[in-house]
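The structure appears below as structure tokens.
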Amino acid sequence: MPQHDPYIVVPRDAIDKIAASALSGGALVLRRVPADNMYVVRTVETAKDMRLPADIPGEYVALRSGDPHHAAQWIRVAANDAQIHHLFLSRRPQAFIEFAKFKEMVPGVSDPGNGLGIVITHDPDLPPELVEAGALEFAGWAVRRSGVHPIHIEVEPEVIGLEQLTGKWPIEQLAANSVMVVGCGSIGSAAAEALAGFGVGRVELLDPDRFLWHNMLRHALGTESVGRYKVAAMKDHLARRWPEQTVVAHQLDVVADAHYARPIVDRVDLVLCAADGIAPRRVVSHLARRANKPAILACVLDNGSIGEVIRLRPTPRFGCLLCLRQHLAAQGAMDAEADQELDYGTGRVHQPMAAVPPDLRQVGTFAAKVAVATLLESLHGDHTQRIPGEHAVIGLRPTGDLAAPFNVGEVGDVRWSSIPGPRPSCATCSAE
Amino acid sequence: MSVTDAFNTFQEVVNADITSVREARARRDLFKNAFGAEDDVKEVVASGSLARGTHKDPIHDVDVIVVFDQDAHPDWGTPGDSAADALNYTRERVNTLLGSTNGTYDKAVRLARWRNHAVKCFLDDPDDPNAFTVDAMPALRRDGKLLIPEALSEDWVSCDPEFLIAEVAKRHAAWNKFAGTVRMLKWWAAEQDTKIKSLVMEVLALDFLPTDVNQPAAIKQFFVSACYYIEGGNEVVDPAYLCGPIQPDVDYGELVECLRAARDNAIKAFQAQANNDTGSAIKYWGEVFGDDFPKPPASTANPAPAILPATPRPVKDTPQG
Ligand SMILES: [Zn+2]
């Protein structure tokens, strides 16, 4: 079938109506979408003079648009040659059947006059060997007096969405898991989308801010969400794309509302923190460790030149964020955070963000990958999801002059290292 | 021989011999019935791996908990001498009821000695290295938990062995190979060069042995998750959160090494099976479980050696749509 031939799209509901009809054939009304050279089945004659609309969910905007009322037919064919002819003709470009021959093979086909008739043939008893060979239960035909050509039919599958990955990706296991995402900015929104795409069953979003014009450059959300709370807009955004996932929106600040965040940490399997700022990351590090939950922290450092993803595990071998930061400061790898923190809460605006949108998306997606891998390795014994360390540095626009372990030299390089154990005096890591 | 066949055969090896299981049950029932008739005994609870169905061959002991009536022993359950008193009392009652020379209920126990928590009763020749014993542990029931004497600390401690029994039963109801698989994991532990208590494996299994996949996959998943957990420096503690660490003297460094080796071989076995290389899969499972795991068939119709050394697999470039 050449690329410029029309294309018939059959919604599931229309398929069900044809299959269930007691008639041996009937009328169809198609909608034509000229820009995409596509016909969509909209109405099916299911009983004598009874025409029922085929249901198409509202979000399938393209399938609901176009010019109405292109008359067509569906015809049930006995186990004869129509579907196998369709198969063979489809494989030979320009091949066609004479109209008279087609009429013999598919009785009941209307004469198209000087126009184009469209016919869908249905063989409910297609032998398995023909199915094996590639023949289809439903086949489409462009019927002209000059000849009948096969047309491709795309039938809405029974299974769409993540369920298609059943058996190939542990979707059932992840559907039972939950992650709290702290911070729904550029990195957080990318992480939340990725968690949904991996199939994490429940995500609890936490962010106090509104989505405003200046956010739009780097965010998963767009113009439609300007003015809304980020968590509420993200919840709607994810619900449209990933309806199988549960999203809970909390319009909270993890620092100011830590007492509200605590019970959320208790009920999730893992915390992913993509909050912009040192204080929220410290609070997450503390809350997660006290709740005995792993935490993944993601950010960009040094004006967006490198990404950083840290996996904090609440165990005797691994320290918390503060333990790591003090260790890095002591070895001269990092500026003491006390200075940086002066910017927060002193009324000064944040530094303008220098990172480029896809770099932030990459860091967010990477953090989600680390989160999901952690769940799969620790809770589900998935050996394909092991991580080489606890601290990843990702080259985004690396200058090559940073101290280890931040000394990635090339774009796309990911440098993994471990993190030190708890400091004896650490208030977060020491026993309650 | 398929991988499943190999596991079924190995399960037979791991499962305790049925006659010794019957003997163990008979000995447990002897204690249950003898003590159950005592005026100051409220109930006799079967405990230990036999009660959980997770015993492996050979059976070393069977555990019973004699729950005494607090009213009959008002001074028990408080710090001091009463811990030793309770153990002494239990030992005396064992001798009176079941002593081999003049037991009133049955003449069965040749020697009874008390240890930290329980009275160890020898029904076989105490010098027989294969003798298995009945451990009778006195206890009081308080707030749904058991209070047991601890001779060393001269105190009584809470414990909840019934919690583990109930948890194992729950898992076994979800997957009828759970208990058998735990026996295999205990077998694995016994094969290691470092001392790993059976109970450590049982408790790890509660957390990390899944119940919704087949036996080889479940064991592979167990080793991956358990290794992750122990590598993090975590301890294995009483699942009822009462008695703390199960084996305080375990060498965690050695345990991690053992788990890591098992994990890596289990992954190789799992991947070999996924690649339809049954011979290699069975060979790698043998490296996990030791010499008693069935050997892969020596030769096949294929003239090539049955087991090729595992070489890196070439990558596939398939369209993903
Ligand atoms: Zn710390």
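The values are calculated or read from the model by the stated rules, or taken from the named source; none is laboratory data. Everything numeric here is computed off the predicted structure, so don't read it as measured data. With ideal geometry, Cβ positions are generated from the backbone for all residues, glycine too; neighbour counts draw on all protein chains shown. Ligands, DNA and RNA are stripped out before the accessible areas are found, and what is left, the full protein with its side chains, is counted by its heavy atoms. Shrake-Rupley method; radii C 1.70, N 1.55, O 1.52, S 1.80 Å.
Which aspartates and glutamates does A:Lys17 reach when only Cα atoms under 15 Å apart count, and residues fewer than 8 places away in its own chain are ignored?
A:Glu45, A:Asp49, A:Asp55, A:Asp123, A:Glu137, A:Glu156, A:Glu158
Could you compute Rg(Cα) / (2.2 N^0.38 Å) for region A:264-343, with N its residue count?
Rounded to two decimals, the normalised Rg is 1.09.
Roll a 1.4 Å probe over the protein heavy atoms and report the accessible area of B:Tyr229 in Å², nearest 10.
60
Counting only Cα atoms, I'd like the Rg/Rh figure for region B:1-151, Kirkwood definition for Rh.
So for region B:1-151, dividing Rg by the Kirkwood Rh gives 1.05.
Per the Cauchy relation, a quarter of the hull surface: what is the mean projected area of the convex hull of the alpha carbons in region B:166-210, in nm²?
2.9
Under a Cβ-Cβ cut-off of 10 Å, what is the net charge of the residues other than A:Pro405 that fall near it, where Lys and Arg count +1 and Asp and Glu count -1?
Its environment carries a net charge of 0.
Per-residue HN-Hα couplings for region A:382-392, Karplus 6.51 cos²θ - 1.76 cosθ + 1.60 at θ = phi - 60°, whole Hz, x for Gly and Pro?
Once rounded to whole Hz, the list reads 8, 6, 7, 10, 8, 10, x, x, 10, 9, 10.
Per the Debye formula with a single identical scatterer at each Cα and no solvent contribution, what log10 I(q)/I(0) holds for region A:194-318 at q = 0.10, 0.12, 0.21 Å⁻¹?
Log10 I(q)/I(0), no solvent term: -0.33, -0.48, -1.41.
Between 0 and 90 degrees, rounded to the nearest ten: what's the tilt of helix A:258-267 against the longest Cα principal axis of chain A?
In chain A, helix A:258-267 runs at an angle near 50 degrees to the longest axis.
Could you please put A:Met234, A:Met50 in sequence from largest to smallest accessible area, using a 1.4 Å probe?
A:Met50, A:Met234
When the convex hull of the Cα atoms of the protein assembly as shown is projected onto a plane and the area is averaged over all directions, what value comes out in nm²?
In nm², the orientation-averaged hull projection of the protein assembly as shown is 45.9.
Mean separation of Cα pairs under 8 Å and 6+ residues apart, divided by the residue count of chain A: what relative contact order is that in percent?
This gives 11 percent for chain A.
Run the quick spin-label model on A:Leu165 and A:Asn37: label points 7 Å from Cα toward the beta carbon, then report their separation in nm to one decimal.
Result: 3.4 nm between the two label points.
Relative contact order (percent) for region B:126-280, with alpha-carbon contacts under 8 angstrom and 6 or more residues of separation?
Value for region B:126-280: 18 percent.
Compute the acute angle (0 to 90°) between the alpha-carbon long axis of helix B:178-191 and the principal axis of greatest extent of the alpha-carbon atoms of chain B; round to the nearest 10°.
90
For region A:1-128, what is the convex hull volume of its Cα atoms per residue in Å³?
Spread over its residues, the Cα hull of region A:1-128 gives 129 Å³ apiece.
Roughly how far apart, in whole Å, are the Cα centres of region A:102-144 and region A:10-49?
Centre-to-centre (Cα) distance: 14 Å.
Once all Cα-Cα distances of chain A are split into 20 Å bins that start at 0, what whole-number percent is in each one?
Result, from short to long distances: 22, 38, 26, 14, 1 percent.
Set the Förster distance to 25 Å, then compute FRET efficiency between B:Asp292 and B:Asp207 from the Cβ-Cβ distance, nearest 0.05.
That pair, B:Asp292 with B:Asp207, gives E of 0.45.
Measure of size requested: the Rg and Dmax of region B:180-311, with Cα atoms as the atom set and Å as the unit; please supply both.
16.0, 59
Other chains near B:224-234: what is the mean number of their Cβ atoms within 10 Å of each residue's Cβ?
6
To the nearest whole number, what is the average tally of beta carbon atoms from other chains within 10 Å of the beta carbons of peptide A:378-390?
Per residue, the average neighbour count from other chains is 5.
To the nearest 100 Å², how much accessible surface do chains B and A hide from each other in total, with a 1.4 Å probe?
Chains B and A together bury roughly 1400 Å² of accessible area.
What is the extension gain from B:Tyr241 to B:Thr19, computed as 0.36 nm multiplied by their sequence separation minus the C-alpha to C-alpha distance, in nm to one decimal?
Taking 0.36 nm per residue and subtracting the Cα distance, the gain is 76.4 nm.
What residue among A:Gln326, A:Gln94, A:Gln251 has the largest mean-square fluctuation in a Gaussian network model of chain A, using Cα springs under 10 Å?
A:Gln94
Relative to the first principal axis of the alpha-carbon coordinates of chain A, what is the inclination of helix A:230-241, with its axis defined by its Cα atoms, in degrees from 0 to 90 and to the nearest 10?
Between the helix axis and the principal axis of chain A, the angle is about 30 degrees.
Spin-label point model (7 Å from Cα, Cβ direction): what's the A:Phe88 to A:Thr246 distance in nm?
5.6
Out of the DSSP beta bridges found with both residues in the protein assembly as shown, what percent are antiparallel (nearest 5)?
65
On the principal axes of its Cα set, how long, how wide and how thick is chain B? Give whole Å, largest value first.
Taking the Cα atoms of chain B, the three principal extents are 77, 38, 33 Å.
Where does each of B:173-182, A:297-306 land if you order them by average Cβ count within 10 Å, highest first?
Top to bottom by mean Cβ count within 10 Å: A:297-306, B:173-182.
Given a 1.4 Å probe and heavy atoms of the protein chains only, how would you sort A:Ser90, A:Ser425, largest accessible area at the top?
Order by accessible area, largest first: A:Ser425, A:Ser90.
Which whole-number value in Å³ per residue fits the convex hull of the alpha carbons of region A:350-432?
Looking at region A:350-432, the number lands at 167 Å³ per residue.
What does the structure give for B:258-270 when I average, per residue, the other chain Cβ atoms found within 10 Å of the residue Cβ?
For peptide B:258-270, the averaged partner shielding equals 1.
Work out, step by step, the length gained on full extension between B:Asp75 and B:Asp29: first 0.36 nm times the residue separation, then minus their alpha carbon distance; give nm to one decimal.
13.7 nm
Which of the lysines could a cross-linker bridge to B:Lys283, judged by Cα under 16 Å and excluding same-chain residues fewer than eight apart?
B:Lys220, B:Lys268, B:Lys295
With r defined as the distance between the Cβ atoms of B:Asn130 and A:His152 and R0 fixed at 51 Å, what FRET efficiency is calculated, to the nearest 0.05?
FRET efficiency, B:Asn130 to A:His152: 0.10.
Given the protein chains as shown and a 1.4 Å probe, how many square angstrom of A:Val283 are accessible, to the nearest 10?
30
Rank B:Lys283, B:Lys268, A:Lys101 by accessible area, highest first, at a 1.4 Å probe radius?
Result of the area sort, largest leading: A:Lys101, B:Lys268, B:Lys283.
Run the helix sum for the protein assembly as shown: -39,500 (n - 2.57) per DSSP H stretch of 4+ residues, divided by residue count, reported at 222 nm to the nearest 500 deg cm²/dmol.
Calculated at 222 nm, the ellipticity per residue is -11000 deg cm²/dmol.
Along the Cα→Cβ direction, 7 angstrom out, place labels at A:Arg12 and A:Glu59. What is the inter-label distance in nm?
A separation of 1.2 nm, rounded to one decimal place.
Once you wrap a convex hull around the alpha carbon atoms of region A:130-269, what is its projected area averaged over all directions, in nm²?
13.2
For the modelled label position 7 Å from the Cα of A:Asn114 along Cα-to-Cβ, which residues of region A:143-164 have backbone nitrogen atoms closer than 18 Å?
Only A:143-147 pass the distance filter.
Which value, in Å² rounded to 10, gives the accessible area of B:Arg25 with a 1.4 Å probe and all protein chains present?
About 100 Å², rounded to the nearest 10.
Computed over the Cα atoms of region A:82-201, what is the ratio Rg over Rh, Rh following Kirkwood?
1.27
When we measure straight from the Cα of B:Lys197, which lysines land under 18 angstrom away, once same-chain ones fewer than 8 places off are left out?
Excluding near neighbours in sequence, the set is B:Lys56, B:Lys186.
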